[in-house]
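Here's the structure we're looking at; comments come further down.
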Amino acid sequence: MPEYQENSIIQKIERLGADFHRLTLHAPRIALAARPGQFVMASCSPLSDPLLRRPFSIHRCIGADVLQLLIRVVGRGTELLAQCQPGQRLSLIGPLGQGFHPPASEASICLVGGGIGIAPLFFWAERLAANQRCTALLGSRTGMELSQLAAEFTQLGCRVETATDDGTLGHHGLVTDVLAAHLSATDRVYACGPMPMMASVAEMCRAVRIPCEVSLEAHMACGLGACLGCTVHGANGRYLHVCKDGPVMAAEEVAWNR
Amino acid sequence: MEPINGPVDLSVSLGPLSLANPVLTASGTFGYGAEFAHLVPLARLGGVVVKGISLMPRAGNPPPRIVETACGMLNAIGLENVGAERFINDKMPFLRTCGCRVIVNILGDSLEEYAALAAKLTGVDGIDALEVNISCPNVKKGGVAFGTVPDMAAAVTHAVKAATDLPVIVKLSPNVTDIVAMARAVAAGGADAISLINTLIGMAIDARTRRPKLANVIGGLSGPAIKPIALRMVWQVASAIDIPVIGIGGIATAEDAIEFLLAGAAAIQVGTANFRNPAAAGQMVSGIEEYLRQQGESSVRAIVGSLRLEA
């Protein structure tokens, strides 16, 4: 599989919520090769501090040349990225890792996204929507950061339901509450979000034997399988590396109780 | 000196090991080579030092294993590796095709283990040299003593040399009182070359949770933050011993690499910089070449140890 180190050009930065930003980047080599669920390593400073690249799921590919990243500001690296201006260069390495695996045709699909974890599900929904019945369950802390994304999933043809911690949009509570009502009509689940959310989704799917794939997040230095820093506990007692074994994995591969 | 327009000679020798140029990638930062093959023209490098191998596979430490710090990073990977058998069967076939020197970093818990591993790797087609890791800070067994007690370091060196006819490089830990004493000990033990420095032991704490940021609590610091210490140690060691020295520590640009060569290193290794910029090592080869032309030097060997101490 091809991987590139590409000096992308920032075309647009949108603010979708208090600390939610969407970067639109001209990165033709990576955009052309990318598959849903894969990620890029983005440099957040030309200087030595912060030193390391940050991993981001590919949120969307537009045409053959453009990709989008969804970024939540959580520290200095993401803050620097959010402050970038159109026209600036942003070094990317990608596309990296394992993407989502396609469902059987005619399957009813449920996408479950929490917060910034919604990012890769949009790219996947876009590829699925043509011939799949797709429901997107989207959760976040507050409605402001969710409303535009929810509208975009709807435009793709997804049935969309939302949940917010503060009750400002959709169900007042957890997105997993909403999932419970959908499981009986679902053949396959794809989830990305905070670990507790994905652990709940994995357990709910396991209980009713619905196949579930999750996209994991971890601190990583390289994204290439060299640093071995992005370890998670695997269900078989071995360590998994998010960059190469994932970021998308079958839910049953992960030891959720660790 | 007049600038040079024609070709310059980048080749160097590490005792019996000749390199097309002085730029190597450091163990633990470049996987088994294949991980970077899409991004880096490996044949452009002087060589690849592969992730440290033990006789048996090791699972490594629990997560979190890495944390970013000011101009650097801490790691406590815990020597996760596929073991000698799988390395030879699964990783060497690619490495034989990479077009540059292949140096295998080896580690163990006892003299016997080091010797058995060295013997097992000797005669494997495509392995050009061994680098003995006596300095990994992350394992609690006896490994640390090999890197901190001069007599123990000499004994490991001697055991490996006796078990192989490959060139043997010994990689030193900076976490010692007297780096020159360590270098003298491994030189006396028969090392063909010395590489330094491995990571400096450090620590990071999350003030909010009051917990260490690494599951292992402590880990090895690498990156630009450690470069001045590495440069100082390389200069002290290169000034004191006769065998070739390989400089490691925070090297991210050609200028960094050149500073180590001036301090007396015959070659350098690029480590953490590979994570940030996979193209870094290749860019250094071009940058060193350009520097030599500008300085009117026809060979990189002419600048090794050419630091000017007089005003």
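The values are calculated or read from the model by the stated rules, or taken from the named source; none is laboratory data. Bear in mind the structure is a predicted one, so any value in this text is a computation, not a measurement. Backbone-built Cβ (ideal geometry, glycine too); neighbour counts: all protein chains shown. What goes into the accessible areas is simple: the full protein's heavy atoms, side chains included, and nothing from ligands, DNA or RNA. Shrake-Rupley method; radii C 1.70, N 1.55, O 1.52, S 1.80 Å.
Given just the C-alpha atoms of chain B, how large is their convex hull per residue in cubic angstrom?
Each residue corresponds to 131 Å³ of Cα convex hull volume.
For segment A:183-196, take each phi angle, set θ = phi - 60°, evaluate the Karplus expression 6.51 cos²θ - 1.76 cosθ + 1.60, and give the result in whole Hz per residue in order, putting x for glycine and proline.
After applying 6.51 cos²θ - 1.76 cosθ + 1.60, I find 4, 5, 9, 10, 9, 7, 10, 10, 10, 8, x, x, 4, x Hz.
Let me know the charge dipole size of the protein assembly as shown about its Cα centre in debye, to the nearest 20, where only the beta-carbon of Lys, Arg (+1) and Asp, Glu (-1) is charged.
Approximately 640 debye in magnitude.
Considering only protein heavy atoms and a probe of 1.4 Å, how much of the accessible area of the protein assembly as shown is carbon and sulfur, as a whole percent?
Whole-percent figure for carbon plus sulfur exposure: 53.
Just to check, using Stokes-Einstein with a Kirkwood Rh over alpha carbon pairs, what's the diffusion coefficient of segment A:95-195 at 4 °C and 1.567 mPa s in µm²/s?
Value of D from the Cα-based Kirkwood radius: 96 µm²/s.
Out of all Cα-Cα pairs in the protein assembly as shown, roughly what percent, to the nearest whole number, are more than 48 Å apart?
17
Quick check: convex hull of the Cα atoms in segment A:48-142, volume per residue, rounded to a whole Å³?
About 128 Å³ per residue, rounded to a whole number.
Rounded to the nearest 10 Å², what accessible area does residue A:124 have for a 1.4 Å probe in the complete protein model?
Using a 1.4 Å probe on the heavy atoms, I get roughly 20 Å².
Between residue A:108 and residue A:154, how many nm apart are label points set 7 Å from Cα along the C-beta direction?
Output for this residue pair reads 2.2 nm.
Full extension from residue B:85 to residue B:298: what is 0.36 nm times the residue separation minus their Cα-Cα distance, to one decimal in nm?
Value of the extension gain: 72.4 nm.
Could you report the accessible area of residue B:161 in Å², rounded to 10, computed with a 1.4 Å probe on the protein chains as they sit in the structure?
That residue has around 60 Å² of solvent-accessible surface.
Relative contact order for segment B:12-68: what is it in percent, counting Cα pairs under 8 Å that are at least 6 residues apart?
Normalised by residue count, the contact order of segment B:12-68 is 35 percent.
Antiparallel versus total DSSP beta bridges in the protein assembly as shown: what percent is that, nearest 5?
50
Output ³J(HN,Hα) for segment A:49-54: one whole-Hz value per residue in order, computed from phi by the Karplus curve 6.51 cos²θ - 1.76 cosθ + 1.60 with θ = phi - 60°, and x for Gly and Pro.
So the J values, rounded to whole Hz, are 8, x, 7, 9, 5, 10.
For segment B:53-100, take every pair of Cα atoms, bin their distances at 5 Å starting from 0, and report each bin as a whole percent.
The percentages, shortest bin first, are 6, 18, 17, 15, 15, 16, 11, 2.
What are the residues whose amide H is under 5 Å from the amide H of residue B:131, where those residues sit 5 or more places off or on another chain and H is modelled from the backbone?
B:104, B:105, B:106, B:169
Assuming 0.36 nm per residue, please report the length gained on full extension of the stretch residue B:56 to residue B:162 beyond their Cα-Cα distance.
Gain in length upon complete extension: 36.1 nm.
Using the alpha-carbon centroid of each, what span in Å lies between segment B:29-101 and segment A:1-77?
Segment B:29-101 and segment A:1-77 have Cα centres spaced 26 Å from each other.
Positive end of the charge dipole of the protein assembly as shown (Lys, Arg +1 and Asp, Glu -1 on Cβ, about the Cα centre): tell me which of B:133, A:73, A:223 has its Cα farthest that way.
Positive-end residue among those listed: A:73.
Through the Karplus equation 6.51 cos²θ - 1.76 cosθ + 1.60, θ set to phi - 60°, convert the phi angles of segment A:161-168 into ³J(HN,Hα) values in whole Hz; use x for Gly and Pro.
Result, ordered by residue: 10, 10, 9, 10, 4, 9, x, 7 Hz.
Compute the orientation-averaged projected area for chain A from the convex hull of its Cα atoms and round it to one decimal in nm².
Average of the hull's projected areas for chain A equals 13.0 nm².
Taking every residue in A:47-57, how many Cβ atoms of other protein chains lie within 10 Å of its Cβ, on average?
Partner-chain Cβ atoms within 10 Å, mean over residues of A:47-57: 5.
Applying 1/(1 + (r/R0)^6) with R0 = 51 Å to the Cβ-Cβ distance of residue A:257 and residue B:180, what FRET efficiency is obtained, to the nearest 0.05?
The computed FRET efficiency comes out at 0.50.
From Cα pairs below 8 angstrom and at least 6 apart in sequence, can you work out the relative contact order of segment A:1-118, rounded to a whole percent?
It rounds to 35 percent for segment A:1-118.
Please state the charge dipole magnitude for segment B:149-282, taken about the Cα centre, from unit charges on C-beta atoms (+1 on K and R, -1 on D and E), reported in debye and rounded to the nearest 20.
Magnitude of the dipole: close to 660 debye.
What does the charge count near residue B:83 come to, summing +1 for each Lys or Arg and -1 for each Asp or Glu among other residues with Cβ under 14 Å from its Cβ?
Every neighbour counted, the sum reads +1.
7 Å from Cα along Cα→Cβ at both residue B:125 and residue A:177: what's the point-to-point distance in nm?
6.6
Over the heavy atoms of residue B:125, what accessible area does a 1.4 Å probe trace out, to the nearest 10 Å²?
That residue has around 110 Å² of solvent-accessible surface.
Over all distinct Cα pairs, what is the inverse of the mean 1/r for segment B:20-69, reported as the Kirkwood hydrodynamic radius in Å?
12.9
Taking chain A as the reference, fit the longest principal axis to its C-alpha atoms, fit the long axis of helix A:119-128 to the helix C-alpha atoms, and give the angle between the two in degrees, 0 to 90, nearest 10.
70
For every other residue with a beta carbon closer than 13 angstrom to the beta carbon of residue B:280, add +1 if it is Lys or Arg and -1 if Asp or Glu, then tell me the sum.
Result for the neighbourhood of residue B:280: +1.
Order B:145-155, B:223-233 from most to least packed using the mean count of other Cβ atoms within 10 Å.
The peptides rank, most packed first, as B:223-233, B:145-155.
Using the crude model of +1 on Lys and Arg Cβ and -1 on Asp and Glu Cβ, and no other charge, please compute the dipole size for chain B relative to its Cα centre, in debye to 20.
980
Using alpha-carbon pairs under 8 Å, 6+ residues apart, how would you state the relative contact order of chain B in percent?
22
Tell me the total accessible area that A and B bury against each other, 1.4 angstrom probe, in square angstrom rounded to 100.
Interface between A and B: roughly 2500 Å².
Taking all pairs of distinct Cα atoms, average 1/r, flip it, and tell me the Kirkwood hydrodynamic radius of segment B:1-155 in Å to one decimal place.
One over the average 1/r among Cα pairs gives 17.0 Å for segment B:1-155.
Tell me what the protein assembly as shown gives for mean residue ellipticity at 222 nm when only DSSP H runs of n ≥ 4 count, each as -39,500 (n - 2.57), the sum divided by the residue total, rounded to 500 deg cm²/dmol.
Computed mean residue ellipticity for the protein assembly as shown: -7500 deg cm²/dmol.
What residues have an amide H closer than 5 Å to that of residue B:52, excluding those fewer than 5 places away on the same chain, when H is modeled at 1.01 Å from N in the peptide plane?
B:28
What does the average come to when, for each residue of peptide A:228-236, you count the partner chain Cβ atoms lying within 10 Å of its Cβ?
Other-chain Cβ atoms within 10 Å of each residue's Cβ, averaged: 5.
So if we plug the beta-carbon distance of residue A:207 and residue B:211 into 1/(1 + (r/R0)^6) with R0 = 41 Å, what FRET efficiency do we get, rounded to 0.05?
With R0 = 41 Å, the Cβ-Cβ based efficiency is 0.80.
Using only Cα atoms, what Kirkwood radius does segment B:1-92 have, in angstroms?
By the Kirkwood definition, the hydrodynamic radius is 16.0 Å.
Which whole number gives the average count of other chain Cβ atoms within 10 Å of the Cβ atoms across peptide B:69-80?
3
Using only the alpha-carbon atoms of segment A:156-258, report the extent along each of the three principal axes, biggest first, to the nearest angstrom.
If we take the Cα atoms of segment A:156-258, the spans are 42, 29, 29 Å.
Could you do me a favour and compute the accessible area per residue for the protein assembly as shown, 1.4 Å probe, result in Å²?
That works out to 39 Å² per residue.
Long-range amide H contacts for residue B:69: which residues qualify at under 5 Å (H placed 1.01 Å from N, peptide plane, sequence gap of 5 or more or a different chain)?
Amide H neighbours of residue B:69: B:74.
Once R0 is set to 22 Å, what does the formula 1/(1 + (r/R0)^6) return for the Cβ-Cβ distance between residue B:145 and residue B:188, expressed as a FRET efficiency to the nearest 0.05?
After rounding to 0.05, the efficiency reads 0.80.
Need one number for segment B:211-289: average projected area of the convex hull over its C-alpha atoms, nm².
Directional mean of the projected Cα hull area for segment B:211-289 stands at 6.2 nm².
Between beta-carbons, use under 11 Å as the cut-off and find the net charge around residue B:164, counting Lys and Arg +1, Asp and Glu -1.
That works out to 0.
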